[in-house]
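Below you'll find the structure, written out as structure tokens, and then a few comments.
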Amino acid sequence: MKKLFIILILAIITTGTVFADHPNGLGIGIQGGFSGSWGGGNFGGGALSLKLPSLPIFWAARLDIRSEYLSLGISGDKYLIDQLLVREAGLNWYLGFGLGAGIGLGNPLAFGVSGRLPIGLSWQPIPFLEIFLQIVPSLGLSVLPEFHFPYGGWGGDIGIRIWI
């Protein structure tokens, strides 16, 4: 049973990289969405999205400004599966893993790190334009204001990227 499971995982990873959808160039975009811990969350500020041609990582830098705090976050995701879902519509799906870190500047000061699992849909109506929607469950730990494990939650984003 273990051998069958390993073969299945390797087949999924291999298929995902052979039929990768995203272009190999520079991808720059913006995204916005929901982020929060398991206990609750909010619709946050925006994020800049960046994909460098030389790295297989999709980066995002987030800034949330509220009256009581300012938070900054960064994440990097590698897509294991990136495949066509509906060829005629230019609709694709992806699944990956990544890491994220965030700091909250307010009272109290907050800092945490997490592992991420982005799952999303990507639509490219024309070759250089991508519109995406993703959900991102996460699991990590909070270091400030006090150590807390496990810490995590659900996030989600909708965004647009231009491929150069």
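Rule-based calculations on the coordinates, nothing more; no lab input. Predicted model only: the values in this text are computed from it and were never measured. A quick note on method: Cβ atoms are made from the backbone with ideal geometry, for glycine too, and the neighbour counts reach across all protein chains shown.
Does PRO108 satisfy the condition of being in contact (Cβ under 8 Å) with a residue 12 or more places away in the chain and either surrounded by 16 or more Cβ atoms within 10 Å (Cβ to Cβ) or at positive phi (or both)? Taking the combined requirement at face value, the residue does not satisfy it.
Listed here are the residues, each with its yes/no results for (1) assigned to a loop (DSSP other than H, G, I, E, B); (2) among the polar types (S, T, N, Q); (3) free of Cβ contacts under 8 Å to residues at least 60 places away in the same chain; (4) surrounded by fewer than 14 Cβ atoms within 10 Å (Cβ to Cβ).
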site: TYR94; (1), (2), (3), (4): no, no, no, no
site: ALA101; (1), (2), (3), (4): no, no, yes, no
site: GLU146; (1), (2), (3), (4): yes, no, yes, yes
site: GLY152; (1), (2), (3), (4): no, no, no, no
site: ASP157; (1), (2), (3), (4): no, no, no, no
site: ARG161; (1), (2), (3), (4): no, no, no, no
